[in-house]
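The values are calculated or read from the model by the stated rules, or taken from the named source; none is laboratory data. It should be emphasised that the depicted structure is a prediction, and the values quoted were computed from it without experimental measurement. Counting neighbours? That spans all protein chains shown, and the Cβs are built from the backbone with ideal geometry, glycine included. With ligands, DNA and RNA removed, areas are computed over all heavy atoms of the protein, side chains included. Shrake-Rupley method; radii C 1.70, N 1.55, O 1.52, S 1.80 Å.
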Amino acid sequence: MKDKNGRELKIIDAHAHIFPQKIAEKATKNIGNFYGISMKHTGLSHLLIESGEKIGVSRYLVCSTATKPEQVEMINNFVAEKCQVHPEFFGFGTMHPGYGNMEAEIERVKGLGLHGIKLHPDFQEFNIDDPAALPMYEAIAAAGLPIL
């Protein structure tokens, strides 16, 4: 795609959720049910790329959200692994306000090569301005990571 001056433009999908094969269909259905919308795709990496190629997407900010504290590490590992396989992916890790050792996991997120933290307060069932979430925000800020 080119702009009016003939310069090449790049399309970046700045918010794409991806899921492991074994939970992709269920996770996608749950998100659709939560928001009362029909979901068109299942959140699989290869389908995201196939869909994006049709319109010229060159990069994808990929993430997934931990709805329970015990999902945090598995999700961060999954997103990092997919970023290794797909260089067009730019990954964000996840965190949950109920997770135990936030500072260590946030540093591990950085070590995995992830670039930020994805939160989804309504889906994770916490209020974004809940004082109990402040330690999480402080740990993320101390690590120098942005929050989506």
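Before moving on, here are some points about what is shown:
- The 1.4 Å probe gives accessible areas that order 95, 39, largest first, as 39, 95.
- 5 angstrom amide H check on residue 90, placed H, neighbours 5+ away: 60, 61, 62
- Each other residue within a Cβ distance under 10 Å of residue 61 adds +1 if Lys or Arg and -1 if Asp or Glu, for a net charge of +1.
- Listed values for region 131-148 are Karplus-derived 3J(HN,Hα) couplings in whole Hz (6.51 cos²θ - 1.76 cosθ + 1.60, θ = phi - 60°), namely x, 5, 8, 4, x, 5, 4, 5, 5, 5, 5, 4, 7, x, 9, x, 10, 9, and x replaces Gly and Pro.
- In sequence order, calculated HN-Hα J values of region 59-74 (Karplus, 6.51, -1.76, 1.60; Hz; x Gly/Pro): 9, 9, 8, 9, 7, 8, 10, 7, 8, 9, x, 6, 8, 4, 5, 4
- Only protein heavy atoms count here; on that basis, with a 1.4 Å probe, residue 126 has an accessible area of about 30 Å².
- Computed on protein heavy atoms with a 1.4 Å probe, the accessible areas place 64, 58 in the order 58, 64, largest first.
- Distance distribution P(r), region 11-83, all Cα-Cα pairs, bin width 10 angstrom from 0: 18, 51, 28, 2 percent.
- Which listed pairs, of 10/68; 4/40; 22/54, have C-alpha distances above 30 Å, in listed order: 10/68; 4/40
- Candidates 12, 75, 31: whichever shows maximal mean-square fluctuation once the chain is modelled as a Gaussian network with Cα springs under 10 Å: 31
- Debye intensity ratio I(q)/I(0), log10, the chain, q values 0.13, 0.19, 0.20 Å⁻¹ (C-alpha model): -0.61, -1.16, -1.25
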